[in-house]
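Encoded as structure tokens, the structure appears first; notes follow it.
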Amino acid sequence: MVARERFVRKADWVRFLDTGALPDDLDPDLAASWLRSRDSGVLPDRLTAPQVTDEVLQRKRTETAELRRLARAALLRARAMLKDTGSMMILASPDCIITETEGDPGVIDTGRENRLQIGGNWQETSIGTNGIGTAAASGRPALVHGIQHFCEEIQRWSCAAVPVLDPVDRSLRGIVDISGPTDVFLPQSMALAMAVGDEITQALARLIGEEREVLYQQFMGRRARWQNTHMILIDRRGAVLHDTRAVWSNQAIQGGAIGDRREDDWASEMSDRFSGMDGEILRRDGLPIGLVLTAYRGRRTPVETPSGDPFDAFLGTAPAIVRLLEHARCVADSAVPVLISGETGTGKELLARAIHDASAQRHGRYVPVNCGALRADSAAGVLFETDGSGSGAVAAAHGGTLCLDEIGEMPGDVQPFLLRVLEDGLTRARSPDAPERSEFRVIALTHRDLPRDVAENRFRRDLFHRISTIQFRLPPLRDRTEDIPLLAQHFLSQAAAEAGRRAPALTRAAREALMAYPWPGNARELRNDMQALVLFCGRGVIDAEDLPEKIRTPAAPLPRPEPDERTRILEAMAASGGNMSATARRLGIARSTLYTKLAAYGLTRPED
């Protein structure tokens with residue numbers, strides 16, 4: 001509530017100091033502030049507010065850098081608008097330290113006499129009732145006029161202050177204040193302060209929305225590659241935006257904001273809070289905006305199966321799968337590089353983890369690197385952490401496995417750099433705890449035909465031979481139809497357990513319909529559909545009529561596209577920054593046709 005400008009006389013203030021009797025005409029918010037000021041031991045004859053040290057001021061300016069940036073336009077307007085008006089605009093931190101002043105130069109100079117200046121501490125506990133301190137203490141706008149101030153020397157000022165609240169969690173982000181000498185104070189000062197406060201709040205809301213959109217995009221890019229993994233997305237304010245197990249979603253973590261902590265300290269603390277899940281800082285324009293926590297990275301417990309064989313987590317009885325797993329068991333305990341290829345959703349990452357868990361490297365870290373996201377100017381940071389902390393992928397993989405995900409999407413100018421990294425194994429870390437040379441196993445994953453890319457000079461031949469001592473190609477689900485009922489029932493049981501329900505059974509008609517569908521998204525698509533069935537089917541049996549329409553009435557298969565069309569689609573996607581509408585226009589086809597071709601090629605559709 002805005003404090004009403006009620007008539008308070010000097011005698012009322014004196015009587016309160018002598019007897020504690022509050023004037024009847026004093027606004028309730030200000031009456032409460034007078035009581036807090038007295039109980040805090042503030043001396044009414046205090047002349048000035050305390051001034052914080054330069055070190056504290058610098059810290060406060062750093063903490064409020066975002067608020068000051070968003071308020072900058074309003075402050076610049078105030079410089080011109082309040083010139084020669086006898087007023088100034090003030091921006092203060094949540095704990096009432098003044099960080100910015102603009103307006104009438106003469107008033108700004110006069111304010112220094114009471115330290116109504118940058119670095120002044122205007123908490124109620126320091127200088128008694130005042131606009132800045134009372135707005136912060138009450139959480140409401142405060143108009144403090146003349147005698148209504150607690151300290152006599154400050155009664156020559158009138159102040160209209162508005163708290164700026166976070167649009168998400170309603171926490172105090174700062175205070176906007178208009179102050180001036182009582183005899184020339186502008187009657188519209190409170191309206192101006194409230195307008196500026198609303199402007200900053202709206203700017204904050206837009207910024208938070210933009211950052212969250214970027215976070216979700218980055219998160220989904222990682223989620224598409226690590227669908228079997230528990231993942232949690234947290235923004236820099238400590239809000240959990242998404243939890244794949246729906247335990248923490250839409251909750252705020254107490255003390256979870258990054259604040260003025262070092263990025264690594266924040267990530268480490270969040271990791272500790274969530275049972276050692278590994279944290280990856282997400283950035284926008286180089287600045288940290290959030291964190292994704294994953295359960296698969298770092299030192300983790302290998303996947304447990306009843307037999308104790310990690311490869312038993314890879315379900316299937318099709319001859320091609322049985323042979324592939326037999327060969328994988330044979331090479332698991334060695335340290336030779338392995339290249340795993342296959343369409344999207346065939347289980348490349350699951351096989352890579354099984355190889356790691358069955359190997360001599362299972363007690364080390366399993367460190368994935370998204371090769372498609374590497375750029376010439378960022379590769380060193382990802383692989384080595386150029387701050388020298390030793391937490392880069394190369395040092396982290398020492399004694400474990402370095403998984404090069406989507407290596408076929410790596411830009412050509414980064415490939416020589418990666419080859420040198422794999423050849424020398426140097427960590428480039430300055431940390432005394434980090435090894436100078438990292439020993440690790442390389443497992444590379446790709447959905448591309450790398451031998452063809454080598455032949456067409458799209459992938460370096462020497463790098464290909466460095467990563468492909470052993471090659472496994474996972475067959476698509478349409479080539480192992482006998483495994484579809486087994487996988488479908490397994491996914492139903494998993495989804496039912498997570499939802500706290502009994503797993504439904506598939507009828508013969510449902511199993512036959514599943515086996516007849518081509519599954520362009522392979523096991524990933526099958527799992528997603530089974531998860532949806534558990535949620536939407538209330539019966540204990542799933543029949544063919546319960547299946548998605550795409551499975552009940554499959555479209556006629558499209559003719560196999562031309563061999564070079566896949567490359568043209570990828571090039572158009574890269575040129576369009578992953579935007580599907582722009583990609584379709586560049587190719588001269590409808591967006592729906594583009595999605596069909598993506599499925600035919602086994603390409604992952606990025607988020608628009």
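So here's what we get for this one:
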{"item": "Cβ-Cβ under 8 Å pairs, at least 6 apart or on other chains, the stretch 50-64 side touching a residue at least 40 places away in the same chain (Cβ under 8 Å) and closer than 16 Å to Leu91 by Cα, far side open to solvent by 80 Å² or more (accessible area, probe 1.4 Å) and assigned to a loop (DSSP other than H, G, I, E, B)", "result": "Gln51/Arg115; Arg59/Asp260; Thr62/Asp260; Glu63/Asp260"}
{"item": "Looking only at the stretch 18-61, and only at residues there that are exposed (fewer than 13 other Cβ atoms within 10 Å of the Cβ) and not in a loop (DSSP other than H, G, I, E, B), the one that is nearest to the chain's Cα centre (by Cα)", "result": "Gln58"}
{"item": "Qualifying residue in the stretch 433-448 (condition: modelled with pLDDT of 85 or more, crowded, with 16+ Cβ neighbours inside 10 Å, farther than 26 Å from Met573 by Cβ and out of contact with any Pro (no Cβ under 8 Å at 6 or more places or on another chain))", "result": "yes"}
{"item": "Residue identified as at pLDDT 75 or above and of a type in the set (Asp, Glu) among Glu304, Glu385, Glu343", "result": "Glu343"}
{"item": "Filtered residues of the stretch 153-174 (kept if among the hydroxyl-bearing types (Ser, Thr, Tyr) and surrounded by fewer than 19 Cβ atoms within 10 Å (Cβ to Cβ))", "result": "Ser171"}
{"item": "Matching helices (runs of 4 or more DSSP H) fully within the stretch 344-424 where at least 1 residues are closer than 26 Å to Asn457 by Cα and not basic (Lys, Arg)", "result": "379-384, 415-424"}
{"item": "Scan of the stretch 100-137 for residues that are out of contact with any Phe, Trp or Tyr (no Cβ under 8 Å at 6 or more places or on another chain), in contact (Cβ under 8 Å) with a residue 40 or more places away in the chain, open to solvent by less than 30 Å² (accessible area, probe 1.4 Å) and of a type in the set (S, T, N, Q), ordered by number", "result": "Asn121, Ser126, Thr134"}
{"item": "Residue pairs meeting the criteria (Cβ under 7 Å; at least 6 apart or on separate chains; first over 20 Å from Phe384 (Cα atoms), in the stretch 356-370; second in a helix (DSSP H, G or I) and of a type outside the set (A, V, I, L, M))", "result": "Asp357/Pro310; Ala358/Pro310; Ala358/Phe311; Ala358/Arg329; Arg362/His356"}
{"item": "Ser171 modelled with pLDDT under 90 and closer than 26 Å to Ser40 by Cβ", "result": "yes"}
{"item": "Qualifying positions in the stretch 455-512 - of a type in the set (Ser, Thr, Tyr), open to solvent by 50 Å² or more (accessible area, probe 1.4 Å) and part of a loop (DSSP other than H, G, I, E, B)", "result": "Thr469"}
{"item": "Checking Glu102 against (1) more than 20 Å from Val8 (Cα to Cα); (2) at pLDDT 95 or above; (3) assigned to a strand (DSSP E or B), the condition it does not meet", "result": "(2)"}
{"item": "Count - residues of the stretch 60-88 that are among the basic types (Lys, Arg), at pLDDT below 90 and touching an Asp or Glu at 6+ places or on another chain (Cβ under 7 Å)", "result": "2"}
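The values are calculated or read from the model by the stated rules, or taken from the named source; none is laboratory data. Note that the structure is predicted; figures quoted are calculated from it, not measured. Don't worry about glycine lacking a Cβ; one is built from the backbone with ideal geometry, like all the others, and counts go over all protein chains shown. Side chains included, ligands, DNA and RNA excluded: accessible areas come from the protein's heavy atoms. Shrake-Rupley method; radii C 1.70, N 1.55, O 1.52, S 1.80 Å.
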